[in-house]
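> Right, I'll just put the structure down here and ask away after.
Each value in this text was obtained by applying a stated rule to the coordinates, not by laboratory testing. From a predicted model like this one, the values you see are computed outputs, not experimental measurements. Because the Cβ atoms are built from the backbone with ideal geometry, glycine has one as well, and the counts that use them run over all protein chains shown.
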């Protein structure tokens, strides 16, 4: 009886083990092969592992969020995807969840400070809104500065691409040379595109991803020119040279426009700062006269109306002197 039980257990174990191996072994082998492949991609022969060298890898890695639940909830919405794109375009290493947390914290702190030190009923709301919007405004400023640097460096990237293609290199190899030679932000953006197409993404999709990341019209022209040339043929190096010259001419015209519109821009700055500076001066000269604007209901309404009209005037002047080139 004992021998029969042992034989039954051995046979049952063999059957169960074989079924488990057949079910889980192919997945384990596939995961191991994928890990080896990703390790090969993430390894630089000259600099060692990318994680140690500090370089970027083609494998996407998300920044650690202080609140992963908020991060997952935000990224699942349309506004969260736009915020993610804004963070990516600004070049800041953060997450949408972190930005939302910072916005809530700054808004609460600003509203609390306004409630303590400003005796105006609407001050906490205005201060809270300003504090909540401050991180988004900072990201917009970072994105604007980064895109301006990209526009300044982009003609040099086009020239390098053209010279590399004229020397006999393939377009993909030329993109790798641009990624290695040029500084940020042009170098990292071309590095991402080069890694994407080198890892298997079609070149059309990789270039379209680059045009989506870098919201610059010159990059869109570059992508369209390259894709059309690959479909219809032509001298790509000559096309890139012409595009580089067009971009440089646009910069020259844009600087001339900024010179001609400098008077309007400084007029807007002066008109925006003059009432605030005059109010501060009158507060020190005659405090009782200025305190009526803060104590009386009519004065508070006048202050809010003045702030609104000042903002409308400033943005109107900006709209008038803004000339698309």
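> If each residue of separation counts as 0.36 nm, what is the full-extension length gain between residue 212 and residue 315 once their alpha-carbon separation is subtracted?
Residue separation times 0.36 nm, minus the Cα-Cα distance, leaves 34.3 nm.
> Given 0.36 nm per residue, what is the gain on full extension from residue 140 to residue 117 after removing their alpha carbon distance, in nm?
5.3 nm
> Going from the alpha-carbon gyration tensor of the range 143-225, what semi-axes, largest first and in whole Å, does one get by taking the root of 5 times each eigenvalue?
Taking √(5λ) for each Cα gyration eigenvalue gives 18, 15, 12 Å.
> Based on the mean of other beta carbon atoms within 10 Å per residue, what is the order of 216-222, 162-168, most packed first?
216-222, 162-168
> While we're on this one: Using the beta-carbon distance between residue 291 and residue 271 and R0 = 35 Å, what value does 1/(1 + (r/R0)^6) give for FRET efficiency, to the nearest 0.05?
Efficiency computed from Cβ-Cβ geometry: 0.90.
> What is the calculated FRET efficiency for residue 224 to residue 72, with r their C-beta to C-beta distance and R₀ = 35 Å, to the nearest 0.05?
0.45
> While we're on this one: Please report how far the C-alpha centroid of the range 150-188 lies from that of the range 233-297, rounded to the nearest whole angstrom.
Answer, in whole Å: 33.
> Can you tell me what the convex hull of the Cα atoms of the range 261-321 projects to on average, as an area in nm²?
Averaged projected hull area, Cα only: 4.2 nm².
> Right, here's the next one. Which FRET efficiency, nearest 0.05, do residue 82 and residue 260 yield, Cβ-Cβ r, R0 41 Å?
Plugging the Cβ-Cβ distance into 1/(1 + (r/R0)^6) gives 0.75.
> Which of 161, 83, 140 has the fewest other C-beta atoms within 10 Å, and how do the rest follow up to the most?
140, 83, 161
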